[in-house]
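None of the figures in this text is laboratory data; all of them are computed from the coordinates on show. Remember, predicted model here, so these are calculated numbers, not experimental data. Note that each Cβ is placed from the backbone with ideal geometry, even for glycine, and that neighbours are counted across all protein chains shown.
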Amino acid sequence: MTITSFASNGFTGQLVRVEVDIRRGIPGMDIIGLPDGAVLESRERVRAALRNSGFELPKGRILINLAPAGLRKEGASFDLSLAAAILIESGGITIKADLRVMILGELMLSGEIRPVHGVLSAVSAASAAEVGIIIIPDKNVAEGTALGWGEIYGIRNLSELPLLLTAIYHGKANAAGYSQAENKKNDPVDRSSIDFMDIRGLPFVKRALEIAAAGRHNVLLFGPPGGGKTMSARGLKGILPPLDRDESIEVTRIYSTAGMLPADSGLIKNPPFREPHHSASEEGIIGGGKTIKPGEVSLAHHGVLFLDETPEFNKNLLQSLREPVEEGRVDIARAGRSCIFPADFQLLLAANSCPCGNLGKKEAVCVCSRKEVMSYWKKLGGALLDRIDIRIPVEPVSINPASDSNEESSEKIRDRVEAAVVIQKERYKTEPFSRNARISQNRLKYYCGMTPEAEKVYMDAVRKMRISSRACVSIMKSARTIADLRLEKGRIGQSDILEAVQHRRYGEQDFFWCKL
């Protein structure tokens, strides 16, 4: 019987074969194959768990090799596989069949088995290597079976392992069935978000966020404090459509790798909405650390990364967002090691119009000089700002919160968004992208054809605004989403272009904040 485990390496990972050699000598246990501190400490956990589970420890020197030896092994998920390999080599488990089994689990000294991180990635790696028998902690079964691969068996205590392996060998063990369970803490639609019905006024802002949700476009909300930027931004998650199955698997894998998936959880169905504080470090946002972990850009995969008070973030950190925004992934390189994490997120920024916040506010005096205002906005940088498809000025409005209002609910808006998303996924079913914001440059003309009237308006806007080539592409993508929202599957119309230009023009050539 061949025992394998799993070593995580970014979003992916690699199966690790566990080999044991027991020879005469001073009793002890050595682990080789680039183990980290947690793996080395498993010697004592395994020794105590075997003894407390009623097994007799081998009398001799135990050498454990984790192959391939050049791959660094991290974490406590190797405990159970090490114990299993020792039992097989010492005769505690007497199965001679040529079986390949992947085993994951952290051992307590009593022999109880704790859940571990990265199970979904491990099952995916087992699928690629055609390892069909997988034994994992009982609390990880919902996660492990979500992929629908192999025979998944849950285990609670080390003492159950010999009987379980014997039952598997004789075909008498009951594998866990395919699970469609979702993370109970994440409903398909997050009802805890702010409902647009409760936001009075701001129809232009709500319309822009509807377009952004439908096409997964990047958004900038700017204006004086008290205008409703943050509240509107947080309401965005209430109109996002639920993830499809492939998206759910990717998001769940990231959260499992990061150790943020609760026990007994299946697939995450709700798009993530991440809102880091402006004091966050670059490693916290982009990812990395001593043991490379996904950052906020990856935790927001297929969801939203919301940066409130954007100019307060570190300038270098903001500029490091350009590559993930453009590529939909982040490459993390460290000495002797590199990892790739997916990061196809929707960037949502909110900022005041100036450092003091009074620029554009009625009956208020801005004390900032033009130089200070420009320095404030320079933190964003032209390169990052150029990747924002929709820029929305948000000005305070005087509305009585207690007055009656016929504001549209998030549920109605979400219905239109979901209808537009269905159109996009059907249109791009043979493409590597599924939303308008990700249309590749070479397919732009094919998918964003315009009527003659729309083309004339588009060319006039390009000529008068003297916008960049990326801005031209951005307008076409936004216009495609606007056409999808009115269920127009054909060519982009004149009104679509006009609205897309309206949402894009702010921020070009200091138009808005320097005019105030």
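Structure notes:
- Euclidean distance of C-alpha centroids, the stretch 234-273 and the stretch 16-70, integer Å: 37
- Normalised by residue number, the volume inside the convex hull of the Cα atoms of the stretch 421-490 is 84 Å³ per residue.
- Per-selection Kirkwood Rh - the stretch 2-169 (Cα, Å, 1 d.p.): 15.6
- About the centre of its Cα atoms, the stretch 425-468 shows a dipole size close to 180 debye [charges on the beta carbon of Lys, Arg (+1) and Asp, Glu (-1) only; nearest 20 debye].
- Cα pair count fraction exceeding 15 Å, expressed as % - the stretch 325-394: 67
- Translational D in µm²/s for the stretch 246-315 (Stokes-Einstein at 37 °C, 0.692 mPa s, Kirkwood Rh from C-alpha pairs): 256
- The chain: relative contact order as a whole-number percent, Cα under 8 Å and 6+ apart: 13
- Restraint check, LYS429/LYS489; LYS429/LYS477; LYS237/LYS362; LYS229/LYS362; LYS315/LYS371; LYS315/LYS362, Cα-Cα greater than 21 Å: LYS237/LYS362; LYS315/LYS362
- Cα convex hull, the stretch 304-352: 75 Å³ per residue, rounded to a whole number.
- Tensor-based shape of the stretch 400-462 (alpha-carbon gyration tensor, a/c under 1.5 rounded, otherwise prolate or oblate): oblate
- Shape call, the stretch 214-360: gyration tensor on alpha carbons, a/c limit 1.5: oblate
- Note on the chain: Rg/Rh from Cα positions, Kirkwood definition for Rh, rounded to two decimals, is 1.07.
- Estimated [θ] at 222 nm from DSSP helical runs (n ≥ 4, -39500 (n - 2.57)) normalised by residues in the chain, nearest 500: -10000 deg cm²/dmol
- When the GluC sites (Glu not before Pro) in the stretch 13-106 are filtered for DSSP coil states and for at most 13 other beta-carbon atoms within 10 Å of their beta-carbon, the remaining sites are GLU56.
- Shape box of the stretch 223-269 [Cα atoms, principal axes, largest first, Å]: 42, 22, 15
- Net charge in the neighbourhood of VAL219 (other residues with Cβ under 9 Å of its Cβ; Lys, Arg +1, Asp, Glu -1) is 0.
- Each Cα pair under 8 Å and six or more residues apart adds its separation to the average, and for the stretch 311-458 the resulting relative contact order is 17 percent.
- Relative contact order, whole percent, for the stretch 432-493 stands at 53, derived from Cα pairs under 8 Å and 6 or more residues apart.
- Taking the Cα centre of the chain as origin and assigning +1 to Lys and Arg Cβ atoms and -1 to Asp and Glu Cβ atoms, the resulting dipole is close to 1040 debye.
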